[in-house]
1. Going by average Cβ density within 10 Å per residue, which order do the peptides 251-257, 305-311 take, highest to lowest?
2. In terms of the ratio Rg/(2.2 N^0.38 Å) built on C-alpha atoms, what value belongs to the stretch 242-357?
3. Counting only C-alpha contacts under 8 Å and six or more residues apart, can you give the relative contact order of the stretch 126-252 as a whole percent?
4. For Lys55, give me every one of the lysines with a C-alpha distance below 26 angstrom, ignoring sequence neighbours fewer than eight places off in its own chain.
5. Nearest 500 deg cm²/dmol is fine: what mean residue ellipticity at 222 nm does the chain get from its DSSP H runs of n ≥ 4 alone, each adding -39,500 (n - 2.57), divided by its residue count?
6. Given a Förster radius of 51 Å and the C-beta distance between Ala303 and Arg256 as r, what FRET efficiency does 1/(1 + (r/R0)^6) yield to the nearest 0.05?
7. Just to be sure I understand: with springs between alpha-carbon atoms less than 10 Å apart, which residue in Gln191, Gln209, Gln334 has the highest mean-square fluctuation in the Gaussian network model of the chain?
8. Cβ neighbours within 10 Å, averaged per peptide: list 155-163, 341-349 in order, most packed at the top.
Amino acid sequence: MARVRHDDGDPPDAPPGAASRPLLGGEAGADDAEAPGIRPQRFAEYIGQAALKRKLEVFVTAARQRREPLDHTLLHGPPGLGKTTMAQILAHEMGVRIHVTSGPAIEHKGVLAGHLTALTEGDVLFIDEIHRLSPTVEESLYSAMEDGRIDLPVGEGSRARTMPFSLAPFTLVGATTRTALLSAPLRERFQIHEGIDFYSDAELSQIVQRTAGLLGMPASADGANEIGRRSRGTPRIANRLTRRVRDFAQVRGRERIEAEDAHYALDQLGIDEAGLDGIDRRILEAILDQFEGGPVGIEALAATLSEPRDTLEDVYEPFLLQRGFLVRTPRGRQVTRKARAHLGRPAGPAPEGGAGQGELDL
Ligand code: ADP
């Protein structure tokens, strides 16, 4: 399949400040550039997310039977869980080309028009971080999605006007870390909405085994489990840790990653037993030490840690919430007894009536 990638500078999903975070940042394409074949190309290679795959396979099959493009699809979930990969699989399974770009890279309507007019029938346009489109660009996208039309500027100066231009039928696949960040009119123009959840340890272990095999340093079941378990529920991190563990194993003269190699390497990398890295621990410790365990608002926490709010909310917090180290209460973030125990601190009070992982924007 011909694949068109519009590489617009920075990796589309790199959160602000990611450059200094080798283990958690974006770097969407970098892993794959080194070892082709690591990014799954087909539904069958995409590990986990069984319910999501089942539904999308039906939508793809139905669209193919009708000889129509797939409906516009919105994928949401934290970074590194496989949104870009799934967009590529959708294109591959539909037998069409994919054009890849991101919200911040589409700086004005002209850039969007360039992408849209380059599409041929059935193509997929993938816009990562679609919540970061500017309002004017977003507005031009509405008519493209709904009516297959955009207004192109013609002429100059006093004779400048716009002319409607009919687009080839296409599929927009948008990815966002949180649907709440998307404007309602844009959200409503997607006919398919699907979330991608954190992966189980067993699924991550399978991903590690697949990647390790492709990298030429197979992992034993125990070795893969050890890496999978400490990968924050995230395939991108599982792949990245697998590479680093391979380095340690190789230098130690191993031919296979065993649990002991994984354990040793991950300790050296500062990834603890629960998969938390130095920044995760700093977040929890800051709440404990500076805010007496919370509740604390996200702005105050971001200022204390000198981390961008977006990075905390998109990259770190979802996993800490999901694993029960942090809760969101009506008055802010609060550490849990589990977090205190993990950090070897006294038990402290139970968190206030928590709001779980709700969309409270504190
Ligand atoms: P996102 O777009 O959500 O940030 P990506 O699609 O770029 O995440 O995925 C990050 C990496 O993780 C990819 O390079 C891919 O190799 C791997 N990956 C993601 N999902 C899966 C999966 N379900 N099975 C195997 N590997 C996966």
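Every read-out reported here was derived from the displayed coordinates using simple, explicitly stated rules and does not represent laboratory data. Note that the structure is predicted; figures quoted are calculated from it, not measured. Glycine also receives a Cβ, built like all others from the backbone with ideal geometry; neighbour counts cover every protein chain displayed.
1. On the way: 251-257: 13.1, 305-311: 16.1.
Sorting 251-257, 305-311 by mean packing, highest first, produces 305-311, 251-257.
2. Details: Rg = 16.6 Å, N = 116, 2.2 N^0.38 = 13.4 Å.
Here the Cα radius of gyration is 1.24 times the empirical estimate.
3. Working: 132 pairs, mean separation 25.0, N = 127.
Answer for the stretch 126-252 is 20 percent.
4. Lys55 reaches Lys83.
5. Details: 14 runs with 144 residues, N = 362.
Value at 222 nm, helices only, nearest 500: -12000 deg cm²/dmol.
6. Values: r = 46 Å, r/R0 = 0.91.
In this case the efficiency is close to 0.65.
7. Of Gln191, Gln209, Gln334, the Gaussian network model singles out Gln191 as fluctuating most.
8. Final packing ranking: 341-349, 155-163.
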